[in-house]
Every structure is written in structure tokens, then in C-alpha cells.
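The values are calculated or read from the model by the stated rules, or taken from the named source; none is laboratory data. No experiment lies behind these values; they were computed from the predicted model shown. Glycine also receives a Cβ, built like all others from the backbone with ideal geometry; neighbour counts cover every protein chain displayed. Only protein heavy atoms, including side chains, enter the accessible area calculation; ligands, DNA and RNA are left aside. Shrake-Rupley method; radii C 1.70, N 1.55, O 1.52, S 1.80 Å.
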Amino acid sequence: MLVGELRELYATLTERERQIMTLVVTGRANKQIAAELELSEMTVKVHRGQVMRKMQAGSLPKLVRIADRLTALTTES
């Protein structure tokens, strides 16, 4: 996937979904994310599913790779 496409996909995420994505790719479990953000675990699962769908990541490792590419782009710019 091209850099521009990744940025476009990321732009479709809500602020909450971005928070969830950041915590997911750092290895936190849904339960930990829920406690940290003071949400129910079910709410975290819904947001996590939306992140996976919107970012077109079929798996957690793919989402981590996408996040790494996005991070590398922002630190280079």
C-alpha cells in the first residue's frame, strides 16, 4: 500500500479510534485499554474492529506494520 493511501485511511479514523489503534499496536489487551480509557471492554472491541476495517488490516501484525510505516513517515517529515 502506498504512503498516500495509508494517510488517507488513517484520516478516516475518529480520535477515539486513533487512541485505540495506538494502544493496540503497543501490545495492550482490550481489557487494559478499557481500564486506561475508562471504557467498557465491549466498546474497545467495537472500536478495534472499526480500526481494523478502516485501515484494511486483516490481522494484528498487519496493523502493526501499517502503524510503523505511518510513524516512520511522521518522524521523517
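Over the chain, Cα pairs under 8 Å with separation of 6+ residues give a relative contact order of 36 percent. Roll a 1.4 angstrom probe over the protein heavy atoms and tell me the percent of accessible area of the chain that is carbon or sulfur. Roughly 54 percent of what the probe reaches on the chain is carbon or sulfur.
Relative to the current alpha-carbon distance between residue 42 and residue 71, full extension at 0.36 nm per residue lengthens the span by 7.7 nm. Accessible surface area normalised per residue over segment 20-77 is 62 Å², counting heavy atoms of protein chains with a 1.4 Å rolling probe. One quarter of the convex hull surface built on the alpha carbon atoms of the chain amounts to 4.9 nm², the projected area averaged over directions.
Take the Cα of residue 5, step 7 Å toward its Cβ, do the same at residue 31, and the gap between the two points is 3.7 nm. Taken about its Cα centre, the chain carries a charge dipole of roughly 240 debye when the Cβ of each Lys and Arg holds +1 and the Cβ of each Asp and Glu holds -1.
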